[in-house]
């Protein structure tokens with residue numbers, strides 16, 4: 001018997017605009033594979049957000065709707081309320097979800113919208129050139145905090161998974177990473193669960209994926225993986241923050 | 001346990017030379033290709049010792065651009081659908 | 001005075017500091033990120049406060065709060081972000097709060113593109129927020145002019161207790177030109193006795209608000225605002241006329257487009273075609289006067305915009321049917337070439 005690791009049918013195969021080593025590519029794969037394995041590819045509608053992943057509609061082999069910055073959960077709500085039987089997801093970065101989109105994600109969770117949100121946290125605004133995000137670490141130097149994030153001036157980074165897990169409507173909230181093959185396998189399991197729970201009609205699912213931004217961080221792709229492991233994981237612990245299995 | 005053997009193929013012209021596969025490979029057999037520039041201007045990777053490949057698939061797992069295909073012969077395991 | 005080569009966005013940011021800005025609240029959006037990035041570095045050094053807001057909606061409300069308490073606040077954004085701020089602009093106008101707002105226009109509608117456009121003319125001059133209000137809109141056409149307009153913008157805002165727009169675009173924002181910062185010409189400014197700063201037991205409480213449930217009261221407020229806008233229109237409209245005295249055809253353009261039209265005029269003049277340009281420097285108040293005393297030989301006006309036609313409406317209103325007004329525009333972020341404008345003029349003059 002042969003086991004194959006190859007490009008998923010859930011991806012269109014179009015070459016991506018992402019920087020070399022950007023982990024968006026890995027996360028896209030995990031979403032695509034999950035949808036194929038759950039046999040949902042033809043039944044899925046994705047909501048793209050504004051950020052580096054704005055062009056994700058060119059890469060996912062599903063119908064997709066562009067959303068204004070931060071509004072993807074509201075757009076997804078509109079979609080799911082019209083088609084409750086479809087699989088609906090949002091794919092959002094940390095600027096989109098944790099900055100301008102905080103109201104929308106909180107209320108999607110609050111209402112228990114049966115959608116799955118893939119939240120890509122790379123502690124920076126990638127697309128616009130490296131500004132501070134709500135998830136930028138204390139002391140991390142970015143273009144709008146050139147001396148490093150100063151917690152006295154603008155607070156400590158936002159822990160989205162912990163925050164959203166407290167909302168009763170949030171059924172499954174997990175934080176994973178993609179900095180190593182082992183982490184990627186765990187991330188895949190969580191993402192697939194996030195879609196499986198949606199199929200079972202359980203409730204709002206969010207998977208926060210710690211990711212790298214080599215260009216924004218000023219590091220090589222390989223060094224960026226190490227930076228993530230050494231700096232982001234201690235502040236953003238991996239794990240399941242709420243799950244239907246606990247309830 | 002029967003020895004795992006694998007075959008790796010790389011779409012060289014789609015490789016962005018990020019190197020994530022080179023650190024993911026437990027056998028250390030994926031390396032940047034010496035003096036090589038692909039059609040996109042990146043230095044692509046290549047397999048340095050295909051005999052040593054176990055077909056674990058870590059390289060394919062880590063590749064953000066899905067340019068790596070791995071086939072693994074595993075006679076004693078059930079096929080894992082990917 | 002020696003000049004420094006600066007990017008348009010950065011020149012605006014430095015001019016804001018020199019013009020008296022104390023607080024900046026903004027959000028990243030292409031193609032204006034150099035403004036918050038410059039101010040993040042330099043405003044605190046100058047004793048001011050920089051804060052990145054969670055969204056444009058939050059940013060304009062931070063500006064509202066800062067202005068309501070006497071601060072000299074500003075924000076900057078680009079078209080889709082400006083759209084988000086419209087509610088705040090209506091509030092700022094209604095509450096008569098001074099502030100400066102920069103729009104570095106990009107292609108629209110929707111998320112559009114990151115290339116330059118002038119498709120926000122309506123947003124800048126027609127409101128976009130609810131209710132009857134006007135906002136002073138300054139439209140520079142060079143990096144130098146942008147710096148000079150910004151230098152006096154905070155005083156202008158304070159003088160009239162009103163928001164002021166600087167209408168830029170992606171090309172002006174990104175290009176680099178030599179710029180110097182002349183001494184600011186100051187106006188005598190009224191004290192901000194109305195600001196909410198704490199009454200200290202010395203006076204009755206100040207309230208900054210826009211709610212007025214009694215219709216008579218709200219009409220009075222609107223009349224007062226309209227009277228203020230009439231004063232501004234009388235005193236503050238600006239335009240530049242280029243080679244218009246003997247012009248048979250006058251082109252009208254603002255911002256980056258005016259530079260291209262200027263080149264087009266020069267090319268036409270070399271072929272002995274008498275063309276000229278009226279360049280509004282304030283989009284509101286619109287320089288109606290410029291169109292009231294057109295040279296007798298002028299038989300047509302051609303409005304050129306990087307949009308599908310927005311300022312052309314104001315030109316038509318100002319010309320009031322006296323002579324035909326045509327329009328030529330490019331959208332999507334495309335910048336017209338002087339050559340194509342020359343062809344357009346020749347076609348209109350029957351000399352294709």
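Read-outs: derived from the displayed coordinates by stated rules, not from any lab. Bear in mind that the values here come from a model prediction, so they are computed numbers and not experimental data. All Cβ positions, glycine included, derive from the backbone under ideal geometry; neighbour counts span all protein chains shown.
Values for this structure:
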read-out: Peptide-level mean, for A:16-25, of C-beta atoms on other protein chains within 10 Å; value: 5
read-out: GNM result for chain C, Cα springs below 10 Å: residue of C:121, C:254, C:242 fluctuating most strongly; value: C:242
read-out: Mean Cβ neighbour count within 10 Å, used as a protection proxy, ranking B:52-62, C:29-39 highest first; value: C:29-39, B:52-62
read-out: GNM flexibility winner over chain C from C:255, C:127, C:170 (Cα, springs under 10 Å); value: C:127
read-out: Calculated SAXS-style log₁₀ I(q)/I(0) at q = 0.23 Å⁻¹ - the stretch C:240-348, Debye, Cα scatterers; value: -1.38
read-out: Per residue convex hull volume, Cα atoms of chain C, in Å³; value: 145
read-out: From the C-alpha gyration tensor of the stretch A:37-145, square roots of 5λ in Å; value: 27, 15, 10
read-out: Theoretical FRET efficiency, 1/(1+(r/R0)^6), r = Cβ-Cβ of residue C:289 and residue C:216, R0 22 Å, to 0.05; value: 0.05
read-out: Rg/Rh ratio calculated on Cα atoms of the stretch C:114-225 (Kirkwood radius); value: 1.06
read-out: Nearest-ten-degree value, helix C:215-236 long axis tilted from longest Cα axis of chain C; value: 50
read-out: Inter-part distance where the stretch A:1-45 and the stretch B:1-56 are each reduced to a Cα centre, Å; value: 20
read-out: Degrees, to the nearest 10: C:8-18 long Cα axis against longest axis of chain C; value: 40
read-out: Averaged over B:13-24, number of beta-carbon atoms from partner chains that fall within 10 Å; value: 6
read-out: Residue order, fewest to most surrounding Cβ atoms within 10 angstrom, among C:277, C:267; value: C:267, C:277
read-out: Ratio of the Cα radius of gyration of the stretch A:24-242 to 2.2 N^0.38 Å, where N counts its residues; value: 0.94
read-out: Debye log10 I(q)/I(0) at q = 0.12 Å⁻¹ for the stretch C:48-117, Cα point scatterers; value: -0.32
read-out: Averaged over C:76-83, number of beta-carbon atoms from partner chains that fall within 10 Å; value: 1
read-out: FRET efficiency for residue A:147 and residue B:49, using Cβ-Cβ distance with R0 set to 35 Å, rounded to 0.05; value: 0.15
read-out: Of all DSSP beta bridges in the protein assembly as shown, antiparallel share, percent nearest 5; value: 35
read-out: Kirkwood hydrodynamic radius (C-alpha pairs) into Stokes-Einstein, the protein assembly as shown, 20 °C and 1.002 mPa s, D in µm²/s; value: 77
read-out: Centre separation in Å (Cα based) which lies between the stretch C:222-276 and the stretch C:163-203; value: 25
read-out: Considering only the stretch A:24-242, percent of DSSP beta bridges that pair antiparallel, nearest 5; value: 15
read-out: Modelled FRET efficiency - R0 51 Å, residue C:207 with residue C:176, Cβ distances, 0.05 increments; value: 0.65
read-out: Cα centroid separation, the stretch C:60-124 to the stretch A:149-222 (Å); value: 33
read-out: Fluctuation leader among C:281, C:202, C:115 - chain C, Gaussian network, Cα springs under 10 angstrom; value: C:202
read-out: Protection proxy ranking of C:317-325, A:125-133 - average other beta-carbon atoms within 10 Å, highest first; value: A:125-133, C:317-325
read-out: As computed over the stretch C:12-67, the Cα convex hull volume per residue (Å³); value: 69
read-out: Normalised convex hull volume, the stretch C:148-201, alpha-carbon set, Å³ per residue; value: 122
read-out: Calculated P(r) of the stretch B:5-73 - Cα pairs past 18 Å, %; value: 26
read-out: Angle between chain C longest axis and helix C:255-270 axis [Cα atoms, degrees, rounded to 10]; value: 20
